[in-house]
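As structure tokens, the structure follows; a few thoughts come after it.
FYI, it's all coordinate maths here, none of it is from the lab. Source: prediction; values computed, not measured. Here the Cβ positions follow ideal geometry from the backbone for every residue, glycine too, while neighbour counts run over all protein chains shown.
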Amino acid sequence: MPPKRAAAKKPPAGPPKGSAASAKKDPLDEIAATIQKQKAFVTCASDENKHVNEHAYSGAYAALGIDSAFTAEKFRDEFKLEVTHLDDEKVEFEMQGLSPAIANAFRRILIAEVPTMAIEKVFMVNNTSVIQDEVFAHRLGLIPIRADPRLFDLRGEGDTPTEKNTIVFKMCVKCTREKTTDGTKGALINDKVYTDSLVWLPNGSELPPDEETKFTQFSCDQGEYLKKRNKESKELGEKEYFNRNGKDPNVISTVHDDILLVKMVAGQEIELEAHCTKGDGKEHAKWSPVGTTWYRMVPQVTFPSGPLTGEDADVFMRECADFDDAHACYERVGSDRRVVAKNERGCEFCVERVRALSGEPGWEEKVQLLKKKDHFIFTVESTGQMPPELIFKEAVNVLASKCQSVLSAL
Amino acid sequence: MSVYEKTFTLKDEDHTMGNAIRYMLNKNPQVALAGYSVPHPMERSVNVRVQTTGEVTATAAMRDALLDIISVCDHVHDTFDLAIEEHGEKNATAMETDVAGKGGGSKKK
């Protein structure tokens, strides 16, 4: 294939731009600096993201004198973690010095492999409402249940439902009309059914057992069981997470009491029992402890060929900064009115403008949007069953215990 | 087939473990090649291939990789605990200085 070979024989690439101005610089140093930048950052150009790969190979970048092998000591030195926001439903933190392979493992485990309790079996005694049994049962399954999943066991296929693996709720509502004396129609009672109509049964099922099924076999009051388990974990030095907001950790309820479940008219009624089991998100999303969780790389707005001045500065401010009076990521300082990034990370409103501008002819060397490959902003949004910081810690434990179980099978 | 090259099949695992192990194996200078694949998207199993340079067995390399992931997990767990505590302390001092006294627990400084 002679034409192809001819195409491959390109003239040697010229020296990198700007090297003429700084002739004293060793070109090898410049190449090294470029490779270092490509190693640490993704360059977000206007049309594509460049240098997106992480080279995990232990000998990668050996020519630069970098040892890419993993050692626990090096990891501990380089790893940094800072919590930036924490409330009852959400935790946001920054992790530095961690590979996306591990960060993504945490994210995937948070979504699919941290167990929670959710309604799994619904026994319908009576349902004359317009919603079908199976649709209503599915709806019930998605309700977040406030119970510490660490205190419960997984229930296998043939296992007996006990206080250690099953939580029982009952629901018994009938829609009626208020009685009036003047013959007019009274107001509806129970026309809207909310989650507060689910009543926790600490002594298990109240349905009469038939020959085949005993619905549950509780050996003691579930509240007592929880009290015992919570006391044990306290003695082990674990913190009591479910005592927050003055909620009793030994009482089980739904997280929210105002989720609308069904609407009825006078005469309709629903009677059922709902049994919760422990499970995880890979079987069904109802067991996922998070609404969602995600991470993003830390963005950085840079001016590779030095601060912008003169006309460039005017253009930059017009395109990327002055779209809103309140926007304050960049400011102009000094007698030459050069542009300085007050907030190097930019904000969600300006980084995409910077990315677009870097694609304009002549601008790619003046302004660049970079993203740091090993610095993540992690967000965990809880559904309310567990505090968000606990969910993350559980996820870390899950990864470690998965490794442990592979180890023991080797 | 030698002790220096092996394919491990992890049952009931997916990309979560596959990619994490692959990464740690590649970070070991005694490993010549490491990779993973999920043979079928509907079957929960993952194959991890390890070939070493001949200094250690494939099983030993695998064990090292798993221990490294565990040490990462332990360190992340402890650091996260400290960071949560630190954040709480920062908030507590922020609330003390809050003259209006209406700052919530989650309010940032």
Problem set entry | Prolate/oblate/rounded call for the stretch B:1-98, Cα gyration tensor, a/c under 1.5 rounded | prolate
For this session: If a/c stays under 1.5 just call it rounded; otherwise compare a/b with b/c (prolate if a/b is bigger, oblate if not). Do that for chain A, with a ≥ b ≥ c from the square roots of the Cα gyration tensor eigenvalues.
Result: prolate
Exercise. Given H placed on each backbone N at 1.01 Å, which residues far from A:GLY279 in sequence or on other chains put an amide H within less than 5 Å of it?
Worked result: A:THR116, A:ALA118
Problem set entry | Three-way shape call for the stretch A:116-287 based on the alpha-carbon gyration tensor, with the a/c threshold at 1.5 | prolate
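For every other residue with a beta carbon closer than 9 angstrom to the beta carbon of A:HIS275, add +1 if it is Lys or Arg and -1 if Asp or Glu, then tell me the sum.
Numbers: positive: A:LYS121; negative: A:GLU120, A:GLU273.
Result for the local shell: -1.
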Problem set entry | Where trypsin sites (Lys or Arg not before Pro) fall in DSSP loop in the stretch A:90-186, at most 15 other Cβ within 10 Å | A:LYS179, A:LYS185
For this session: Subtract the Cα-Cα distance of A:ASP47 and A:ASP159 from 0.36 nm times their separation in residues, and report this length gain in nm to one decimal.
Result: 34.7 nm
For this session: Provide a whole-number value for the mean count of partner chain Cβ atoms within 10 Å of the Cβ atoms in peptide B:11-21.
Result: 6
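Calculate the dipole size of the stretch B:5-97 relative to its Cα centre from +1 charges on Lys and Arg beta carbons and -1 charges on Asp and Glu beta carbons; express the result in debye to the nearest 20.
660 debye
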Problem set entry | Proxy reagent accessibility, fewest Cβ within 10 Å first, across A:PHE123, A:PHE136 | A:PHE123, A:PHE136
For this session: Please check which bits of the stretch A:338-364 a label hung off A:ALA328 would reach, taking the label as a point 7 Å along Cα-to-C-beta and the cut-off as backbone N under 20 Å.
Result: A:338-351
Problem set entry | Residue-count net charge about B:LYS11 - beta-carbon cut-off 10 Å; Lys, Arg +1, Asp, Glu -1 | -2
Problem set entry | Charge tally in the Cβ shell below 13 Å around A:CYS220, where Lys, Arg are +1 and Asp, Glu are -1, A:CYS220 excluded | +1
Exercise. Which ³J(HN,Hα) values in Hz, rounded to whole numbers, follow from the phi angles of the stretch A:315-327 under the Karplus curve 6.51 cos²θ - 1.76 cosθ + 1.60, where θ = phi - 60° and Gly and Pro get x?
Worked result: 4, 4, 5, 5, 7, 10, 10, 8, 6, 8, 5, 7, 6
For this session: With label points built 7 Å along Cα→Cβ from the Cα atoms of A:THR176 and A:LYS24, find their separation and express it in nm.
Result: 9.6 nm
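Rounded to the nearest 500 deg cm²/dmol, what is the calculated helix-only ellipticity per residue at 222 nm for chain B, with -39500 (n - 2.57) per DSSP H run of length n ≥ 4?
On the way: 2 runs with 52 residues, N = 109.
Result for chain B, helices only: -17000 deg cm²/dmol.
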For this session: Name the residue farthest towards the positive end of the dipole of chain A from the options A:VAL199, A:VAL265, A:GLN385, assuming +1 on Cβ of Lys and Arg, -1 on Cβ of Asp and Glu, about the Cα centre.
Result: A:GLN385
For this session: Compare the Cα positions of B:THR7, B:ALA60, B:GLY88 along the charge dipole of the stretch B:5-97 (+1 at Cβ of Lys, Arg; -1 at Cβ of Asp, Glu; about the Cα centre) and return the one farthest towards the positive end.
Result: B:THR7
Problem set entry | Furthest towards positive pole of dipole, A:ASN190, A:ASN250, A:TRP363, structure part the protein assembly as shown, Cβ charges | A:TRP363
Problem set entry | Spin-label pair B:THR9/A:LYS231, simplified geometry with 7 Å Cα→Cβ offset, distance in nm | 4.9 nm
For this session: Please give the average number of partner chain Cβ atoms lying within 10 Å of the Cβ of each residue in B:23-34, rounded to a whole number.
Result: 5
Seminar exercise, completed: Expressed as a whole number, the average count of other chain Cβ atoms within 10 Å around the Cβ atoms of B:84-91 is 3
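Past 24 Å, Cα to Cα: identify those pairs from A:LYS228/A:LYS402; A:LYS121/A:LYS228; A:LYS342/A:LYS372, in the order given. Mind showing how you got there, number by number?
Numbers: A:LYS228/A:LYS402 28 Å; A:LYS121/A:LYS228 26 Å; A:LYS342/A:LYS372 18 Å.
Long pairs (Cα-Cα over 24 Å): A:LYS228/A:LYS402; A:LYS121/A:LYS228.
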Exercise. What is the helix-to-structure angle for A:100-112, meaning the angle in degrees between its Cα long axis and the longest Cα principal axis of chain A, kept from 0 to 90 and rounded to the nearest 10?
Worked result: 20 degrees
Exercise. Taking R0 as 25 Å, what's the FRET efficiency between A:ARG296 and A:LEU142 from their Cβ-Cβ distance, rounded to 0.05?
Worked result: 0.35
Exercise. Using the alpha-carbon atoms, what tilt in degrees (0 to 90, nearest 10) does helix B:58-97 show relative to the longest principal axis of chain B?
Worked result: 10 degrees
Exercise. What pairs from A:LYS174/A:LYS278; A:LYS286/B:LYS90; A:LYS164/A:LYS286; A:LYS39/A:LYS74; A:LYS74/B:LYS90; A:LYS214/A:LYS247 go past 26 Å between their alpha carbons?
Worked result: A:LYS174/A:LYS278; A:LYS286/B:LYS90; A:LYS74/B:LYS90; A:LYS214/A:LYS247
Problem set entry | Other-chain or far-sequence residues with amide H under 5 Å of A:LYS192's (modelled H) | A:MET264
Exercise. Given labels modelled 7 Å from the Cα in the Cβ direction, how far is it in nm from A:THR71 to A:GLU269?
Worked result: 7.5 nm
